[in-house]
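Here is the structure we will look at.
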Amino acid sequence: MKIFDVYPIYDIEIARANGSDLWDEKGNHYLDMYGGHAVISIGHTNPHYVKTITEQLANIGFYSNSIKIPAQQQLANLLGEISGKNDFQLFLCNSGAEANENALKLASFHTGRKKIVSFKGGFHGRTSLAVATTDIPNIVAPVNQTDNVVFLPFNDADALKEYFAKEGQNVAAVIIEAIQGVGGIQVATNEFLTLIRELCDKNNAVMIADEVQCGCGRTGKYFALDHSGVQADIYSMAKGIANGFPVGAIMISPKIEPKHGMLGTTFGGNHLAVAAAIAVAEVIKNENLMLNANEMGEYIISELKDVQGIAEIRGTGLMLGIDLETNAAPFRKQLIEKHKIFVGSASTPQTFRLLPTLNITKEQIDVTIAAIKDLLKEI
Ligand SMILES: Cc1ncc(COP(=O)(O)O)c(C=O)c1O
């Protein structure tokens, strides 16, 4: 049987990993400045993570949500503590798309309404409602097309006010990435985020922060939205929450009441998944990784901001988008082939993304910066 061919891939096979270091099957070394697409938050094969998961697997890996799983409460307590949102409620699922699907569905249940406001450049996943709120028309199948979603320009206060003036009473939710990832690291302004909060409050709509990529400490605070001082009603999470183990989650405001049967999943919140997420939260907390993300992000920006060939750097902490003066695709290819460094692409062709592990070191950043400068000289 063939693998269904949907991913353009590099001809590289990674056989072993440690922290931000990767080795292929021939023993060649690579540096991971991409975090496996913002997923590897605490480093590959982190010893505490490996030990926690291994011990859990030896005890019990899975049983259904029909029994007590006390580790779920332990995870909720930890996430409440590191995010500062102890009064919120936690629902566990399996991916970023599923987290957003549940967030949007919950907003509709809560308000009894159907309209969703999303933004140009936004990416929220590939399940039916998540993809309907994603601004990439060629990944939306005909069956996913719906009039219930409207796309407004990102950071455009007038367009948002105008829409709410007409349709505010029909809006179930506004979904936004405080820093758009796939869209090319576009940062929402504090004024825009504050306006969303005000309009949602005035119209009893639900504000959903999609923190699947920008959350879990990546920007130096647990949620990227926290930099604005605005609080959402629902935060969706995945990627970095369990360092590669498939875990998604939503954190839900106390004002939204649960009802039995409202949401559900077979795998979400299972023993093994929860052990993985607990280990990650413990490492983020105990090793002060949000502080490192903040400091290393500032260091990268200070080192690259005046380099010739770089048009712009956007983002916060370890979620950075670097715009070249030329197309970034050949540059990324060279970075891998010549310097053996992985970085990410974005939907804006001139952008490449740095999304390394939150415990990336200054030395590893220096290697990356030297390689970037070397390649830019050639261009
Ligand atoms: C902001 C954002 N939301 C949702 C998703 C979807 O997550 P998943 O691929 O885990 O379904 C992604 C994935 O890249 C994302 O970046």
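Coordinate-derived values only; no laboratory data. All values derive from a computational prediction rather than experimental measurement. As a convention, Cβ positions derive from the backbone with ideal geometry for all residues, glycine included, and neighbour counts pool all protein chains shown.
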>> Need one number: % antiparallel among DSSP beta bridges in the stretch 198-322, to the nearest 5.
In response: 75
>> Positive end of the dipole of the chain, charges at C-beta (+1 Lys, Arg; -1 Asp, Glu), about the Cα centre: which of GLY220, LEU304, ILE116 has its Cα farthest in that direction?
In response: ILE116
> By counting other Cβ atoms within 10 Å of each Cβ, how are ILE196, ILE252 ranked from fewest to most?
Replying inline: ILE252, ILE196
>> Please give me the summed charge of the neighbours of ALA38: other residues whose Cβ is under 10 Å from its Cβ, Lys and Arg +1, Asp and Glu -1.
In response: +3
> Between rounded, prolate and oblate, where does the stretch 1-104 land on the alpha carbon gyration tensor, with a ≥ b ≥ c its root eigenvalues, rounded for a/c under 1.5, else prolate if a/b exceeds b/c?
Replying inline: prolate
> Rg to Rh for the chain: what is it, with Cα atoms only and Rh by Kirkwood?
Replying inline: 0.96
>> Neighbour counts of other C-beta atoms within 10 Å: give me ILE341, ILE241 arranged from fewest to most.
In response: ILE341, ILE241
> Tell me, what does the Kirkwood hydrodynamic radius of the stretch 270-379 come to in angstroms if you use every pair of distinct C-alpha atoms?
Replying inline: 15.0
> Which net charge results for the neighbourhood of GLN364, defined as the other residues with beta-carbon distances under 15 angstrom from its beta-carbon, given Lys and Arg at +1 and Asp and Glu at -1?
Replying inline: -4
> Hey, what D do you get for the stretch 175-218 in µm²/s if you plug the Kirkwood alpha-carbon radius into Stokes-Einstein at 4 °C and 1.567 mPa s?
Replying inline: 116
>> Positive end of the dipole of the stretch 47-286, charges at C-beta (+1 Lys, Arg; -1 Asp, Glu), about the Cα centre: which of ALA173, ILE82, TYR49 has its Cα farthest in that direction?
In response: TYR49
> Which FRET efficiency, nearest 0.05, do ASP201 and ASP156 yield, Cβ-Cβ r, R0 25 Å?
Replying inline: 0.80
> Which net charge results for the neighbourhood of SER347, defined as the other residues with beta-carbon distances under 15 angstrom from its beta-carbon, given Lys and Arg at +1 and Asp and Glu at -1?
Replying inline: +2
>> Quick check: residue separation of GLU325 and GLN169 times 0.36 nm, minus the Cα distance between them. What number comes out in nm?
In response: 51.7 nm
> Fewest to most neighbouring Cβ within 10 Å: what's the order for CYS200, CYS214?
Replying inline: CYS200, CYS214
> Can you give the charge dipole size of the stretch 1-59 about its Cα centre, rounded to the nearest 20 debye, using +1 on the beta carbon of Lys and Arg and -1 on the beta carbon of Asp and Glu?
Replying inline: 160
> Bin by bin, in steps of 5 Å, what percent of the Cα pairs in the stretch 61-130 do you find, going until the bin that has the longest distance?
Replying inline: 3, 13, 17, 19, 21, 17, 7, 3, 0
